[in-house]
Amino acid sequence: MTSSQQRAALQRQIWQIANDVRGAVDGWDFKQYVLGTLFYRFISENFAIYIEGGDDSINYAELSDSVITPEIKDDAIKTKGYFIYPSQLFATIAASANTNESLNTDLAAIFAAIESSANGYPSERDIKGLFADFDTTSNRLGNTVVDKNTRLAAVLKGVAGLEFGQDINRFEGNHIDLFGDAYEFLISNYAANAGKSGGEFFTPQHVSKLIAQLAMHKQTSVNKIYDPACGSGSLLLQAKKHFDAHIIEDGFWGQELNHTTYNLARMNMFLHNINYDKFNIQLGDTLRNPHFDDDKPFDAIVSNPPYSVKWIGSDDPTLINDDRFAPAGVLAPKSKADFAFVLHALSYLSSKGRAAIVCFPGIFYRGGAEQKIRQYLVDNNYVETVISLAPNLFFGTTIAVNILVLSKHKTDTQTQFIDASGLFKKETNNNVLTDAHIDHIMQVFDSKADVEHFAKSVPFEEVSSSDKDYNLSVSSYVEAKDNREIVDIAQLNAELKTTIAKIDQLRAEIDAIVAEIEA
């Protein structure tokens, strides 16, 4: 079985488990149990492989908890960030799940023990609360303990039956990280079925790939990658997948407002075999309480922030003096925080890096404060490229969004506009960008060449002119191709004249036949 066949078979199997086991529970409510169980299995097997150290004579699952010395535990936590005793391993619990009358409370105790094992260690903040949404006492699992245990056992058995291969550290070169891939597949399916909220925590992989390539373009190494509204971490991880050969010195950084999604992002890092000391995901409101001020700047920033959400804006008089917003001289409107996220990203960007940000198209042509912020960005030569995408590429919205590419190291004062709205492949529920589409966009982005009906590099004087007045809409600079059929009027008139002559001839012939019959 090829890698792609193995992946497809695994995805069909895991989605079937997710649907079969949940019963009457809403899929969105049940996602934490499937995702959490997959995570529990991964860290158990990953930890066991670490302890065994390649020694085939050691089977960690068969050892007694009593043989674990404080030195072994201390060393393991310093390296892996957490500790799991043999009796707490996923395989051990799954084996007796069907007959364990205290399964739900046992799981709760194990999860608490794994989290608390990091207390006092550098990994504490990365491990704490990871299982917070895996509530084994929730009535979502059933009204009685028996019902809860039955459903939990079914999830454990289902995930235990998934075939990931012998080596769980498979994402090297062209190999597939099957655990991480299965996790992202589950998240994307839940996002696709979650309605409007789905787009808030997951960016489709095909779009993530484009965004990552834009942010990392021609960088042979980066200090770290940052997403100020990281959701489940899909954008950060796409950078890892596509640029694994790059030297990413300090790893992956992100901030997320929603607590459940914050936990998904941290689990996602572990499931892609990113060790706790190579990622830093924080919980909180990026605009009002940003983390990492002491850790900036970042060489690569990727982001798909929420579109046109409300924020405190001018109601907080201190924000106009905030280092992120003060240079523009104006705050983003209270009803539309889009440019607040853009200015935040810009302030965290290094002098050698790029930021690629998904944006609602309205911010590129509306007046008022947004026009003043555009003027600030253009006058200071931060806008490298604006790309318009096809509609219906994201979960939860059908709008055709834009990608704004910011840079602090431009070598000219031109702004590039790319109309990629015609690049998409129609699938069942959403449009997708193919690798060929992404390659086409990146080739033009790199060359900065003018391509009729597709791309144009515009001088500062035109963008800032009274005619354009800092309008950054792609359609204002790239003329759309007229696909209407061209009609040759002269030829059409000639054809009509011939047709009329034929009709007249036929009428004459018919009249002659009728006259002959009547005679």
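The values are calculated or read from the model by the stated rules, or taken from the named source; none is laboratory data. Remember, it's a predicted structure, so these values are computed and weren't measured experimentally. Cβ placement follows ideal geometry from the backbone for every residue including glycine, while neighbour counts extend to all protein chains displayed. When the accessible area is computed, the model is the full protein with side chains, heavy atoms only, and any ligands, DNA or RNA have been set aside. Shrake-Rupley method; radii C 1.70, N 1.55, O 1.52, S 1.80 Å.
Given the options 215, 156, 381, identify the residue whose Cα lies farthest towards the positive end of the charge dipole of the chain (+1 on Cβ of Lys, Arg; -1 on Cβ of Asp, Glu).
The one lying farthest along the dipole's positive direction is 381.
What relative contact order, as a whole-number percentage, does region 444-502 give when Cα pairs under 8 Å and 6 or more residues apart are counted?
27
Name the residues whose placed amide hydrogens come within less than 5 Å of the amide hydrogen of residue 458, ignoring near sequence neighbours (fewer than 5 apart) on the same chain.
Answer set, sorted by chain and number: 415, 416, 417.
For region 336-352, take each phi angle, set θ = phi - 60°, evaluate the Karplus expression 6.51 cos²θ - 1.76 cosθ + 1.60, and give the result in whole Hz per residue in order, putting x for glycine and proline.
8, 8, 3, 6, 5, 5, 5, 5, 4, 4, 4, 5, 9, 8, 6, 6, 9
Regarding region 466-505, what is the average projected area of its C-alpha convex hull, in nm²?
Averaging across all directions leaves 4.8 nm² for the Cα convex hull.
Note down the relative contact order for the chain as a percent, whole number, built from C-alpha pairs under 8 angstrom at least six residues apart.
Relative contact order here is 11 percent.
Amide H neighbours of residue 255 under 5 Å, at least 5 residues apart or on other chains, H built in the peptide plane: list them.
227, 229, 230, 282
Calculate what fraction, in whole %, of the accessible area of the chain sits on carbon and sulfur atoms when a 1.4 Å probe is rolled over the protein chains.
50
What length, rounded to one decimal in nm, is gained on full extension from residue 143 through to residue 508, with 0.36 nm per residue of separation minus their alpha-carbon distance?
So the extension gain works out to 122.5 nm.
Once phi is turned into θ = phi - 60°, what whole-Hz ³J(HN,Hα) does the Karplus curve with 6.51, -1.76 and 1.60 give for every residue of region 82-98, x standing for Gly and Pro?
7, 9, 10, 6, x, 6, 9, 5, 3, 4, 5, 6, 5, 4, 10, 4, 5
Given Cβ point charges of +1 (Lys, Arg) and -1 (Asp, Glu) and nothing else, what value in debye, to the nearest 20, does the dipole of the chain about its Cα centre take?
620
If you wrap a convex hull around the C-alpha atoms of region 102-160 and split its volume per residue, what is the figure in Å³?
Cα-based convex hull of region 102-160, divided per residue, equals 81 Å³.
If the cut-off is 13 Å between C-alpha atoms, which aspartates and glutamates fall inside it for residue 372, apart from same-chain ones fewer than 8 positions away?
469
Solvent-accessible area per residue for the chain at a 1.4 Å probe radius, Å²?
46
Which FRET efficiency value, to the nearest 0.05, do you get for residue 335 and residue 429 by plugging their Cβ-Cβ distance into 1/(1 + (r/R0)^6) with R0 = 35 Å?
Efficiency at R0 = 35 Å is approximately 0.75.
Run the paramagnetic zone check for residue 275: 7 angstrom along Cα to Cβ, then residues of region 39-56 with backbone nitrogen under 19 Å.
Residues passing the 19 Å test: 42-55.
So between residue 318 and residue 258, what do we pick up on full extension, going 0.36 nm a residue minus the alpha carbon distance?
That pair, residue 318 and residue 258, stretches by 19.1 nm at full extension.
Past 29 Å, Cα to Cα, is the threshold; run 80/218; 425/481; 31/334; 296/468; 128/408 against it and keep the listed order.
Over 29 Å Cα-Cα: 80/218; 31/334; 296/468; 128/408.
Looking only at region 499-518, which residues have a backbone nitrogen under 19 Å from a spot 7 Å from the Cα of residue 488 in the C-beta direction?
Under 19 Å, as judged by backbone N against the label point of residue 488, lie 499-500 of region 499-518.
Hey, of (i) 10; (ii) 34; (iii) 28, which did the structure itself give for percent of Cα pairs over 44 Å apart when calculated?
Among (i) 10; (ii) 34; (iii) 28, the one calculated here is (iii).
Let's test the formula: R0 of 45 Å, r as the Cβ-Cβ distance of residue 436 and residue 308. What FRET efficiency results, to the nearest 0.05?
The value I calculate is 0.90.
Using only the alpha-carbon atoms, how far is helix 145-160 inclined from the longest principal axis of the chain? Give it as 0 to 90 degrees, nearest 10.
70
What is the local net charge at residue 334, summed over the other residues whose Cβ is closer than 9 Å to its Cβ (Lys, Arg +1; Asp, Glu -1)?
+1
Provide the percentage of antiparallel DSSP beta bridges, counting only those with both residues in the chain; round to the nearest 5.
Of all bridge pairs located within the chain, approximately 45 percent are antiparallel.
Quick one: what are the phi-derived ³J(HN,Hα) couplings along region 122-134, Karplus 6.51/-1.76/1.60 with θ = phi - 60°, whole Hz, x for glycine and proline?
Going residue by residue, I get x, 7, 3, 5, 7, 9, 4, x, 4, 9, 4, 8, 8 Hz, with x marking Gly and Pro.
Report, ordered by chain and residue number, the lysines lying within cross-link reach of residue 497, taken as a straight Cα distance under 29 Å and ignoring same-chain residues fewer than 8 apart.
Filter leaves no residues.
Using only Cα atoms, find the angle between the long axis of helix 259-271 and the longest principal axis of the chain, and express it within 0 to 90 degrees, rounded to the nearest 10.
So the helix axis and the longest Cα principal axis differ by about 80 degrees.
Work out, step by step, the length gained on full extension between residue 74 and residue 99: first 0.36 nm times the residue separation, then minus their alpha carbon distance; give nm to one decimal.
Gain on stretching residue 74 to residue 99: 5.7 nm.
Using only the alpha carbons of region 203-357, determine the length spanned along each of the three principal axes and report them from longest to shortest in whole angstroms.
If we take the Cα atoms of region 203-357, the spans are 44, 34, 29 Å.
To test your reading of the geometry: what angle, between 0 and 90 degrees and rounded to tens, separates the Cα axis of helix 369-379 from the longest principal axis of the chain?
Long axis of 369-379 versus the principal axis of the chain: about 90 degrees.
Roughly speaking, what is the centre-to-centre gap between region 227-284 and region 99-164 when only Cα atoms are used, to the nearest Å?
23
Based solely on its DSSP helices, what 222 nm [θ] is calculated for the chain when runs of n ≥ 4 H residues each add -39,500 (n - 2.57) and the sum is averaged over all residues, nearest 500 deg cm²/dmol?
-13000 deg cm²/dmol
Could you please put 486, 373 in sequence from largest to smallest accessible area, using a 1.4 Å probe?
Descending accessible area places them as 486, 373.
Have a look at 455, 182, 119 and report the one farthest towards the positive end of the charge dipole of the chain, computed about the Cα centre with Cβ charges (Lys/Arg +1, Asp/Glu -1).
119
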